[in-house]
1. Leaving ligands, DNA and RNA out of it, rank Arg400, Arg675 by accessible area with a 1.4 Å probe, largest first.
2. Any lysines with Cα under 26 Å of the Lys518 Cα? List them, leaving off those in the same chain fewer than 8 positions away.
3. Once R0 is set to 30 Å, what does the formula 1/(1 + (r/R0)^6) return for the Cβ-Cβ distance between Leu204 and Ala481, expressed as a FRET efficiency to the nearest 0.05?
4. Counting only C-alpha contacts under 8 Å and six or more residues apart, can you give the relative contact order of the chain as a whole percent?
5. Find how much the distance from Asn722 to Ile375 grows on full extension, using 0.36 nm per residue of separation minus their present alpha carbon separation; answer in nm with one decimal.
6. What value, in deg cm²/dmol to 500, does the helix sum -39500 (n - 2.57) over DSSP H runs of n ≥ 4 give at 222 nm once divided by the residues of the chain?
7. Quick check for you: which residues of segment 267-282 have the amide N under 13 Å from the point 7 Å beyond the Cα of Ser551 toward its beta carbon?
8. Rounded to the nearest 0.05, what FRET efficiency do Ser312 and Val397 have when you use their Cβ-Cβ distance and R0 = 22 Å?
Amino acid sequence: MLFDFSPDNIYLMAISILKKIIVPALLFHIISLAFFLSIDLPWNSFFQEPLRYAGDDGVYHMRLVENMLLGNHFPKGIFFDPFTYFPYGTYIHFAPLYDFLIAAVIWLVSLGQPTLEIINKIAPFYPPILSGLTVIITYFIGKVLWSRWAGLFSAFLMAVSQPFLFRSLLGATDHHQAEVLFSSLAILFLILTIKNYGKKNFWLWAALAGGGLGLYFLTWNGALLFLFIIFSFIILYYLIEYLSGRSQDWLLAAGGLIFLIAFFMILPFASHPDIYNASLYNIRHYGSLVLGIVGFLSVWLLGRFVKKAKLSFWTLPVMLGFLGFFLLSLLRIAFEPMFLAIIESFQATKIGMVGHELARMIVNEMRPLDLKSAIETFGYLFYISFLSLGIIIYDFVRKRRPENLLMIIWFLIIVLMTGVLISAVGQGRFSYYLSINVSLLCGFLAVKGIRFAISGWKNSKNSPHKSYLRWGSVLLLFNLAFFVFYPFPFNLTESFPNNLPKIINGALRVGAFDIIQKHEDWYETLEWVRSNTPDPGLDYYAYYEEPEFNSQTGKIDPYPYPETAYGVLATWDLGHIITYYGHRLPNANPFQQGLGSTGEVTEPGETTFFIETDEEKATEFLQELKTKYVITDYASAGVEEGFYSKQLWANKKSSASAEEYYQSMIFRLHFLDGRQKQHPKEEEPEQNLYIKHLDNFRLVYESKTLMVPSLFDEEKDNLKNNVTMIKVFEYVKGAKIKGETLQGTAVEISTKIKTNRDREFIYRQNLEVKDGTFEFTVPYSTFGKDGWLENETKFGVFADPYEIKINGVGITVNVSEEEVLEGKEINVNF
């Protein structure tokens with residue numbers, strides 16, 4: 001018979017067809033869930049005017065993409081950017097692939113005619129799409145290692161994993177989701193390489209693993225992390241097998257090919273500005289890949305030597321230990337830059353690229369992930385992953401499957417990188433890497449547990465311990481469901497979404513509320529800055545020439561900025577939004593550049609300026625940094641997260657006196673508007689601390705959101721006088737108002753200020769004449785909008801004519817904008 005339509009055969013055919021349909025259908029729904037969480041939930045939060053790209057490194061990636069596409073130099077991207085870390089500019093350490101991929105897609109879709117509108121219609125969906133691809137990779141890793149059902153369950157857990165979802169939301173255009181995608185792709189191809197040993201496509205999979213690792217390197221210059229994982233796995237597995245009398249030379253050869261391909265993939269991006277000082281790929285990247293290849297070759301040669309010499313197999317690891325020590329000593333003596341680069345690579349696991357010993361105390365994402373935070377992030381899946389790890393370790397000991405060892409090393413190193421096991425090592429930011437490890441291990445255990453429970457139930461029929469087996473199977477399933485979906489169903493009486501499992505509830509909250517954007521006031525403020533401050537004279541979309549590294553000075557040569565260029569000083573984590581939304585040049589940025597420090601020589605920067613108590617020194621910092629505007633905000637002007645963290649960075653001390661805070665520039669600017677104030681001392685409330693006015697700073701704009709009541713008693717009753725969220729000050733030379741009167745006479749000058757949101761206050765100065773003359777430096781001009789100058793600030797804060805009082809006699813004085821900006825003298829007579 002051509003076709004067998006027997007009931008048994010029809011049943012088998014139906015099962016076969018169902019399996020072919022149900023798995024793709026379930027995977028499709030899992031990917032749809034990932035898209036719903038990362039696209040639909042944050043949709044309204046993101047699509048506002050302007051678009052709310054992730055306010056940390058995400059907006060800077062968009063700055064690079066726009067520069068590449070709208071500067072008419074695609075596919076070339078800039079490697080140096082003078083639009084940040086002014087007045088120095090910075091070599092970009094972002095690997096090129098992430099920006100190039102989305103730029104290429106936009107360029108193709110626009111038929112080579114990209115516009116800002118097209119960019120903003122495509123780029124926001126880039127992170128969710130990469131996230132969806134990562135979910136697919138997770139499925140295939142689980143399928144290749146264990147089964148399609150383990151792959152499906154792992155993919156589902158990955159889709160709802162909070163740390164990875166947080167990095168994959170609409171508009172979160174940072175490279176983190178691409179890091180996980182390409183590192184996981186390299187691991188998938190490495191697993192397929194292992195499983196296809198002895199087959200004709202073995203070298204193809206090894207080459208693809210090298211390509212995956214190369215793509216990872218081209219996505220993140222910290223890719224030495226997975227270089228270390230792969231190298232550790234290959235060497236450790238080779239030694240385990242060698243000591244058991246089995247040679248696995250094929251694995252060393254595959255490792256050499258993988259590293260060699262990755263080496264050539266990043267080779268075209270060397271020397272920006274040179275191999276030793278490049279922020280992108282430098283001697284530690286190329287040297288580590290070469291050392292890895294040399295390491296594989298050395299292990300192979302020493303292994304053959306030990307066998308031919310008929311030495312004990314234990315001789316090989318001893319010889320390798322001596323060889324490693326010898327190579328490091330040789331590098332230390334003969335090639336110190338490479339040795340120091342290796343040391344820096346290990347230090348980067350703790351403080352990243354920041355280079356500040358207290359960085360982990362200041363930068364939130366660099367703090368280690370403690371056990372409590374891990375449980376809050378992953379729920380009980382974190383515990384389950386370790387239970388699963390134990391089973392995989394047991395299985396490896398029994399069967400010596402190399403892919404099991406790879407999973408063990410991959411998971412343990414990533415856990416170490418988060419700082420959970422050893423807080424002195426690692427950073428919490430790497431929890432998005434841990435997402436795929438936890439998802440895979442829990443997916444494996446869930447499916448294995450279900451199968452074990454079903455098997456126990458079936459076998460109970462013919463067992464004298466029938467009831468025990470059945471109850472054990474039921475309890476096993478219950479525990480799996482309880483720990484994976486905790487606290488469901490015990491929370492059904494609560495309101496939505498609190499009546500859902502924690503992993504679902506957490507994912508919904510991340511998608512709905514955790515998009516990395518700034519407060520509405522920031523976008524309005526930076527729009528004002530872009531429209532009302534002078535053009536710095538630098539093309540935002542230009543392809544900038546790279547300054548060279550000067551071997552004599554040991555520094556990068558200064559960038560030739562035009563005379564019209566100036567800096568904008570604000571708290572460092574706001575630097576990228578100043579560049580992207582304001583098209584202005586921040587002095588400090590989220591690369592932790594431009595923060596400044598104190599020591600034998602004070603380095604001017606954001607922290608040293610804001611904590612300075614002497615206005616003269618503070619203005620010297622601004623002059624050196626060529627800063628024209630200072631932006632303050634309520635959060636960074638506060639005590640704990642603001643002032644003390646700046647003290648910690650600049651002075652490396654965790655505390656400061658109340659007087660230091662009240663006299664600091666950040667307090668005097670944001671809370672006092674540069675006005676003089678008698679402030680009660682905390683230690684002695686009955687005494688007042690005199691806070692002097694500021695001569696060289698004028699308020700030019702303040703945002704609309706009110707925060708706390710004014711610190712001036714006469715203003716507290718009016719809500720309009722509350723301190724606002726953001727303020728913009730202009731640094732000016734100040735007009736010099738001079739006059740003559742009798743020695744010992746009290747002289748006062750004052751003016752009424754009206755801000756852009758109709759708040760009014762009095763700016764006042766007082767002095768006592770000592771030598772028959774007096775002089776006031778005043779920062780406000782008095783001609784309103786009529787006083788605006790071409791190519792200068794179109795300020796929105798206006799001052800009445802100044803009134804000078806001597807012994808009850810007063811005169812008024814008008815001050816022009818030119819006199820304020822150029823520091824001209826104005827002589828007055830009574």
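1. Arg400, Arg675
2. The qualifying lysines are Lys121, Lys628, Lys646, Lys704, Lys720, Lys727, Lys794.
3. Numbers: r = 41 Å, r/R0 = 1.37.
About 0.15, to the nearest 0.05.
4. On the way: 1441 pairs, mean separation 94.6, N = 830.
So the answer I get is 11 percent.
5. Separation in residues times 0.36 nm, less the Cα-Cα distance, equals 120.9 nm.
6. The helix contribution divided over the chain gives -16000 deg cm²/dmol.
7. Within reach of a label on Ser551: 274-277.
8. Numbers: r = 22 Å, r/R0 = 1.02.
Efficiency, rounded to the nearest 0.05: 0.45.
The values are calculated or read from the model by the stated rules, or taken from the named source; none is laboratory data. Bear in mind that the values here come from a model prediction, so they are computed numbers and not experimental data. Positions of Cβ are generated from backbone atoms using ideal geometry, with glycine treated the same way; all protein chains shown enter the neighbour counts. Just so you know, the surface numbers come from the protein's heavy atoms only, side chains and all, with ligands and any DNA or RNA stripped out. Shrake-Rupley method; radii C 1.70, N 1.55, O 1.52, S 1.80 Å.
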